[in-house]
Amino acid sequence: MTTESTQGQTPPTKTQRDAQPTQSAQSDAQPTQSATSQMELVAAMQRIVGAKNVIYEPHRLHVFSCDGYVAEPSLPRAVVMPTNTDEVAAVVRWLHQHKIPFLPRGAGTGLSGGAIPLNGEVIISLVKMKKLLSVDFENLRAVVQPGLVNLNLTKLITGEGYYYAPDPSSQSVCTIGGNLAENAGGSHCLKYGVTTNHIVAAKFVLPDGEVIDVGSGFGDPIGYDILGLIVGSEGTLGIATEITVRILKKPQAVKTALAMFDRVEDASNTVSAIIGAGIIPAAIEMMDQLAMQAVDKSNYHVGYPTDIEAVLLIEVDGLAAGLEEDAGRVVEICEQNHVRMVKVAGSEAERSLWWSSRKMAFGAIGRVSPDYIVQDGVIPRTKLTEVLQRIADISCESGLPIANVFHAGDGNLHPLICYDSRIPGETEKAMRVGSEVLRVCVDVGGTITGEHGVGIEKVEEMRYQFGEADLAAQLAMRDVFNPGALCNAGKLIPSPARCVEVKQARWTTGRNAAGVEG
Amino acid sequence: METEIPNFAPNDALSSLSEICGIEAVRLIEHGGDILQTNQVDPVVFVTPHDEDEVVEIIRMAHASRWKVSVIGAGTQLASGAPSDRIHVVMGMERLNQVVEFAPADLVVTVQPGVTMEALQAVLAAEGKMLPLDPWLAPNATIGGIAATAASGPRRALYGTVRDMAIGLRVVYPDGTLVRTGGKVVKNVAGYDMTKLFIGSAGTLGVMTELTFKLRPLPLHRETVLLSGTREQIAAVQARLTSSVLIAARAEAMNLTTDVTTDVTTDVSREAADAAWVLAVDCDENESSARYQRDELKTWADEEGTDFTYLSNVDADAWWEATKGSVLDAGVVLRIAGRPSDWEKLARHVTAFAAETGLQIKQTWGVTVGVGRIFIGGPRQQPHEPDTPDSAFTHRVSGLLLELRQMASELGGSAIIERASTEIRTAVDPFGITGGATVLFERIKREIDPKGVLSPGSYAGGI
Ligand SMILES: Cc1cc2nc3c(=O)[nH]c(=O)nc-3n(C[C@H](O)[C@H](O)[C@H](O)COP(=O)(O)OP(=O)(O)OC[C@H]3O[C@@H](n4cnc5c(N)ncnc54)[C@H](O)[C@@H]3O)c2cc1C
Ligand SMILES: Cc1cc2nc3c(=O)[nH]c(=O)nc-3n(C[C@H](O)[C@H](O)[C@H](O)COP(=O)(O)OP(=O)(O)OC[C@H]3O[C@@H](n4cnc5c(N)ncnc54)[C@H](O)[C@@H]3O)c2cc1C
């Protein structure tokens, strides 16, 4: 991947359109190599955040050279760890004045390279901003700093019977700031929605250091929905330093069913039939045989039969009084669709084993295959059977095994393409296969990413989905926020002129995420 | 933005536009304010394109000719926002009224903007689905208008608002470029979430020509519990509701009887108005859950001393329709947002105001989400009636808005005008926003619409 700026190409009318020549002159600029020396930079950062919160020694910078996407590591100039909004703003202002590129980083679990300092950025790490600032149970709101770990928020409010709904599998380590930036999803998003449906307001540091408040704690945003644009912007529009989220009362009761199917088709039909029956389960997850084999070798042994093609994990929640009925309906629908065995969890221990088995799946694949790429395409859920068949065909043709572990309820696939990078040419083949899978997703009316983001990894695949005008409109928004192109440039949106030639050596492995649930 | 074009010749515009859409789709309106619901005396050309290609052509022509264009949906409810600069062309979306694609099993629908809410819900209901939006407006309001104003209703308590449901758009930009945002699947994080930018932008950034929404199943069982009593009693129930595990699909506290407030004896009328509150709590879960929820609410009703009754399915639907219908003719609608726990304080202020001024005021508060609406006055002006200035009324309503805005902002909320006469919308800022984000609004408008083609001056912050 090159370090060229995506801002290089703007529509020809741009200069005439923009009344402010200085701004458009800047937006046409590359992220400039600044004349500022490393010593000046470090000294300035230390002045703002204190010496102990600046990392600049080369050997300590290595761990920040990539996130969960390990293919294109790149060293940051320095890492700065501010502890409050004012410090973030001061750091950004200084970097902006000195034309030094920078990017925000949370826990670094992103799977598409959003936190990789492609341009030698200064990394602004939010890990020291991890406080729960306030919580208002009466009105169902919590205000957090961006570095607060997703699951920690729920842990802090669970005593009173509340939780934070979006639950990415990485929730025990990823941050709410990172979730905001990626518009993270999770298993229970089928019923409860993704991150964008749960963040209502934020304090946001623009790439020139100005601090603005976006969204509103209650009711609707007044004026353009800036918050809506910021959520999912992958750290390219600025830095969220305070985030107001909706919290929910825990459901009164939960029931979880495990359903095993001889044929994938029957499992897929079950998914559609449940939703067709007017039930929106909290979650419907699917695993195929390859994934089952892998997780059964992990610590979370369920003992799946080796001759079934698919297993569904279905969870319904709500008021206890009606849940028996809903669970009964789910079981009935499974039976109508030729389920071999379906069982409702008899205890919390059983339910939790099933969930662990599902959530550890990425890691488990990492143990049975030397390397894997995880893709994140979304398809209309009625196309599940067709697309899974096409993925199986692609696997067959390429000779690379593909395991499937995914959010079936909303059609969000996670094909795990297994390969061995030590075999010459296999990495490239795996990448090609990944791209082919995304092509299939777009062909049936879907998208290239449902929750992991575009980052560096899928920037060229954006063209599968969007035309030049669509991409230009997105680039124009980046210009509005980030005219100097200093904040996390070169990601998310392909630049108009760039050709596809640089797709070299890109892969995602589970290695970096060792110890993280997946 | 730009200054007035010196010599706009309506008849030339009319003939150019008729070359695009045919003569039957173009019409001169001598007094522009009639259709725009503003004081504009200059004429406008009213054009109703047949398809997206014509929309593109019209906008291109407007861009090249420096015309200012306003988009209208049903065209009945433009009395919101600040009165915009002088408009030359009004584009009505009524002919773009097709359901483009409906995939019931995928819970996704794609429609043209001129489809009315009523028509869409009927199509969806035939397959057991719904778009869970129930804004306080007439059933002939268009999807385009609803999306462009982010209109919401009681159902937001469980289902959220348009921004949570819209997943993709086709938008004609002010220079005629067609831009696609989002997609047609329920989960999608590819690129910026551009869809959000157009939802609620009141037609100032682009013309939406196609909208894709995610849907919900039509609840198999619907039940509305009605508790009636004083505002304090209702507030006590609301507090219990928000901290409970109950699942309220709607939770609306309403004070919709106005006759008492016109009484001259202030204390009596205030008391009567205070006593005439209803809390409507919906359950969209299955029948057993609904029964549990109903029993729980009944217990609270008994403990707090409110009356209790409930309605199911079509009866509940009819009750909501009638309730909605009873406020549609209000000339002024204010929308207040704030902490749910503060609604009672704000509502009390409104009741006192009504008693003091003798104005007909109805109010409704989504008590779990903290969004309230104040409906003032009787039958609103018809589009073709000239604005009848009533400065005392204007003064009072503006005063109330400013008071509520002050109170709400102290409590972390906001107050805006959703609907009012031009006079009122000129007397006070309908949105009342301040702060750093306005700078971004301007930059966004300037980036997308540098020539100010679309409804310039009408939006938050005078954009
Ligand atoms: C094993 C495993 C399982 C996963 N499962 C899921 C899943 O189920 N669902 C899902 O959605 N994702 C999943 N992910 C992906 C990842 O965990 C999410 O994208 C998460 O939101 C990233 O959070 P983070 O704190 O690690 O952010 P980082 O990786 O540090 O950063 C991600 C992006 O956010 C930006 N950013 C970080 N903080 C801020 C801020 N405060 N303001 C602005 N921008 C910021 C960065 O610049 C970067 O572009 C998984 C990852 C792993 C490794
Ligand atoms: C900030 C604001 C909030 C509002 N909230 C509510 C609410 O919550 N509940 C409620 O009942 N009413 C609300 N209204 C009033 C709302 O204008 C009308 O009730 C509703 O839009 C009626 O639909 P219509 O088809 O008559 O649209 P119209 O009144 O014809 O148009 C409404 C707005 O939408 C724009 N518009 C229409 N079609 C398109 C299109 N295809 N592309 C782009 N823009 C288009 C118009 O330019 C206009 O600004 C609100 C108004 C504003 C300004």
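Of the numbered conditions (1) assigned to a helix (DSSP H, G or I); (2) away from ligand 1 (no atom under 16 Å from the Cβ), residue A:400 satisfies every one except a single condition; which is it?
Unmet condition: (1).
Among the residues of the stretch B:151-178 satisfying the criterion of being β-branched (Val, Ile, Thr) and buried (at least 22 other Cβ atoms within 10 Å of the Cβ), which is nearest to the other protein chains (Cβ to nearest Cβ)?
Filtering the stretch B:151-178 for residues that are β-branched (Val, Ile, Thr) and buried (at least 22 other Cβ atoms within 10 Å of the Cβ), the one nearest to the other protein chains (Cβ to nearest Cβ) comes out as B:161.
What tally of residues in the stretch A:441-468 results from selecting those that are facing chain B (nearest Cβ under 9 Å), in a loop (DSSP other than H, G, I, E, B) and of a type outside the set (Phe, Trp, Tyr)?
Summing the residues that are facing chain B (nearest Cβ under 9 Å), in a loop (DSSP other than H, G, I, E, B) and of a type outside the set (Phe, Trp, Tyr) in the stretch A:441-468 gives 11.
Quickly run through the stretch A:196-220 and pick out the residues that are under 19 Å from residue B:339 (Cβ atoms) and more than 7 Å from every other protein chain (Cβ to nearest Cβ).
A:198, A:199, A:200, A:201, A:202, A:203, A:215
It is to be established whether one or more residues within the stretch A:388-399 are in contact with a Cys (Cβ under 7 Å, 6 or more places away or on another chain) and farther than 19 Å from residue A:300 by Cβ.
Step one: filter the stretch A:388-399 for residues in contact with a Cys (Cβ under 7 Å, 6 or more places away or on another chain), giving none.
No: zero hits.
Taking residue B:79 as meeting all but one of (1) at pLDDT below 95; (2) closer than 27 Å to residue B:7 by Cα; (3) buried (at least 21 other Cβ atoms within 10 Å of the Cβ), write down the number of the exception.
In the conditions (1) at pLDDT below 95; (2) closer than 27 Å to residue B:7 by Cα; (3) buried (at least 21 other Cβ atoms within 10 Å of the Cβ), residue B:79 misses (2) alone.
Which residue out of A:223, A:228, A:215, A:238 is free of Cβ contacts under 8 Å to residues at least 12 places away in the same chain, closer than 23 Å to residue B:433 by Cα, buried (at least 20 other Cβ atoms within 10 Å of the Cβ) and among the small types (Gly, Ala, Ser)?
Numbers: A:228 fails: free of Cβ contacts under 8 Å to residues at least 12 places away in the same chain; A:215 fails: free of Cβ contacts under 8 Å to residues at least 12 places away in the same chain; A:238 fails: free of Cβ contacts under 8 Å to residues at least 12 places away in the same chain.
It is A:223.
Here's the yes/no breakdown for (1) over 25 Å from the mean Cα position of the chain (by Cα); (2) within 24 Å of residue B:233 (Cβ to Cβ); (3) within 14 Å of chain A (Cβ to nearest Cβ):
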residue: B:286; (1), (2), (3): yes, no, yes
residue: B:292; (1), (2), (3): yes, yes, yes
residue: B:305; (1), (2), (3): yes, yes, no
residue: B:317; (1), (2), (3): no, no, no
residue: B:330; (1), (2), (3): no, no, no
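Could you identify the single residue in A:402, A:373, A:365 that is closer than 24 Å to residue B:191 by Cβ, buried (at least 23 other Cβ atoms within 10 Å of the Cβ) and under 23 Å from the mean Cα position of the chain (by Cα)? I'd like the intermediate steps shown before the answer.
Numbers: A:402 fails: closer than 24 Å to residue B:191 by Cβ; A:365 fails: closer than 24 Å to residue B:191 by Cβ.
That would be A:373, the only listed residue that is closer than 24 Å to residue B:191 by Cβ, buried (at least 23 other Cβ atoms within 10 Å of the Cβ) and under 23 Å from the mean Cα position of the chain (by Cα).
Return the residues of the stretch A:469-487 that are more than 7 Å from chain B (Cβ to nearest Cβ) and among the polar types (S, T, N, Q); say none if nothing qualifies.
Selection gives A:482 alone.
Pick out the one residue from A:397, A:436 that is more than 8 Å from chain B (Cβ to nearest Cβ) and over 23 Å from the mean Cα position of the chain (by Cα).
Within the list A:397, A:436, the selection yields A:397.
Quick one: residue A:193 ticks every box in (1) surrounded by fewer than 24 Cβ atoms within 10 Å (Cβ to Cβ); (2) more than 7 Å from chain B (Cβ to nearest Cβ) bar one, so which box is it?
Only one criterion in (1) surrounded by fewer than 24 Cβ atoms within 10 Å (Cβ to Cβ); (2) more than 7 Å from chain B (Cβ to nearest Cβ) is unmet by residue A:193, namely (2).
Can residue B:148 be described as touching a Phe, Trp or Tyr at 6+ places or on another chain (Cβ under 8 Å) and within 12 Å of ligand 2 (Cβ to nearest atom)?
yes
Would you call residue A:226 over 25 Å from residue B:159 (Cβ atoms) and either facing chain B (nearest Cβ under 7 Å) or in contact with an Asp or Glu (Cβ under 7 Å, 6 or more places away or on another chain) (or both)? Even if it seems obvious, please write down each step before you answer.
Values: over 25 Å from residue B:159 (Cβ atoms): no; either facing chain B (nearest Cβ under 7 Å) or in contact with an Asp or Glu (Cβ under 7 Å, 6 or more places away or on another chain) (or both): yes.
For residue A:226, the condition - over 25 Å from residue B:159 (Cβ atoms) and either facing chain B (nearest Cβ under 7 Å) or in contact with an Asp or Glu (Cβ under 7 Å, 6 or more places away or on another chain) (or both) - is not met.
Do you know which residues across the stretch B:209-239 are outside any loop (DSSP other than H, G, I, E, B) and either within 11 Å of chain A (Cβ to nearest Cβ) or in contact with a His (Cβ under 9 Å, 6 or more places away or on another chain) (or both)?
Once the filter is applied, which keeps residues that are outside any loop (DSSP other than H, G, I, E, B) and either within 11 Å of chain A (Cβ to nearest Cβ) or in contact with a His (Cβ under 9 Å, 6 or more places away or on another chain) (or both), the stretch B:209-239 yields B:212, B:214, B:216, B:217, B:238, B:239.
Conditions tested, residue by residue: (1) assigned by TED's automatic domain parsing to the domain that holds residue A:333; (2) more than 16 Å from ligand 1 (Cβ to nearest atom); (3) closer than 29 Å to residue B:430 by Cα.
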| site | (1), (2), (3) |
| --- | --- |
| A:208 | no, no, no |
| A:218 | no, yes, yes |
| A:263 | yes, yes, no |
| A:267 | yes, yes, no |
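Looking at A:320, A:345, A:392 in this structure, which one is away from every other protein chain (no Cβ under 14 Å), over 27 Å from residue A:184 (Cβ atoms) and modelled with pLDDT of 95 or more?
Testing whether each residue is away from every other protein chain (no Cβ under 14 Å), over 27 Å from residue A:184 (Cβ atoms) and modelled with pLDDT of 95 or more leaves just A:392.
Specify the residue that is surrounded by the fewest Cβ atoms within 10 Å (Cβ to Cβ); the eligible residues are those in the stretch B:308-332 that are outside any helix (DSSP H, G or I) and modelled with pLDDT of 95 or more.
B:309
Can you tell me which residue is modelled with the lowest pLDDT among those in the stretch B:408-441 that are within 14 Å of chain A (Cβ to nearest Cβ) and assigned to a helix (DSSP H, G or I)?
By that ranking, first place goes to B:437.
Could you tell me which of the residues B:197, B:215, B:227, B:279 is of a type in the set (A, V, I, L, M, F, W, C), in contact with a Leu (Cβ under 8 Å, 6 or more places away or on another chain), modelled with pLDDT of 95 or more and within 16 Å of ligand 2 (Cβ to nearest atom)?
Unique residue meeting the criteria: B:197.
Just wondering, is there one or more residues in the stretch A:157-171 that are surrounded by fewer than 20 Cβ atoms within 10 Å (Cβ to Cβ) and either in a loop (DSSP other than H, G, I, E, B) or aliphatic (A, V, I, L, M) (or both)?
Within the stretch A:157-171, one or more residues are surrounded by fewer than 20 Cβ atoms within 10 Å (Cβ to Cβ) and either in a loop (DSSP other than H, G, I, E, B) or aliphatic (A, V, I, L, M) (or both).
Residue by residue through the stretch B:178-215, note down the ones that are free of Cβ contacts under 8 Å to residues at least 60 places away in the same chain and away from ligand 1 (no atom under 16 Å from the Cβ). If you could, list the steps in order and put the result at the bottom.
Filtering the stretch B:178-215 down to residues free of Cβ contacts under 8 Å to residues at least 60 places away in the same chain leaves B:179-183, B:187-196, B:198-200.
Those that are free of Cβ contacts under 8 Å to residues at least 60 places away in the same chain and away from ligand 1 (no atom under 16 Å from the Cβ): B:179, B:180, B:181, B:182, B:183, B:194, B:195, B:196, B:198, B:199, B:200.
Quick one: is residue A:260 crowded, with 24+ Cβ neighbours inside 10 Å and more than 10 Å from chain B (Cβ to nearest Cβ)?
no
Give me the pairs, please: first residue somewhere in the stretch A:316-336 and basic (Lys, Arg), second residue anywhere and crowded, with 18+ Cβ neighbours inside 10 Å, beta-carbon distance under 7 Å, and either six or more positions apart or on two chains.
A:329/A:279
Looking at the stretch A:172-188, which of its residues are near ligand 1 (Cβ under 8 Å from one of its atoms) and either part of a loop (DSSP other than H, G, I, E, B) or among the aromatic types (Phe, Trp, Tyr) (or both)?
Within the stretch A:172-188, A:173, A:174, A:183, A:184, A:185, A:186, A:187 qualify.
Does at least one position in the stretch B:111-128 carry a residue that is outside the structural domain of residue B:284 (by TED's automatic domain parsing), touching a strand residue (DSSP E or B) at 6+ places or on another chain (Cβ under 8 Å), near ligand 2 (Cβ under 7 Å from one of its atoms) and at pLDDT 95 or above?
The answer is yes; a qualifying residue exists.
Output the residue which, of all residues in the stretch A:86-112 that are in a loop (DSSP other than H, G, I, E, B) and within 14 Å of chain B (Cβ to nearest Cβ), is farthest from ligand 1 (Cβ to nearest atom). Lay out the reasoning, then the answer.
Filtering the stretch A:86-112 for residues in a loop (DSSP other than H, G, I, E, B) gives A:98-101, A:106-112.
Pick out the ones that are also within 14 Å of chain B (Cβ to nearest Cβ) and you get A:110-112.
Values: A:110: 3, A:111: 5, A:112: 8 Å.
Only one residue tops the list, namely A:112.
The values are calculated or read from the model by the stated rules, or taken from the named source; none is laboratory data. As the structure is a prediction and not an experimental result, all values here were calculated from the model. Ideal geometry is used to build each Cβ from the backbone, glycine not excepted, and the neighbour counts take in all protein chains shown.
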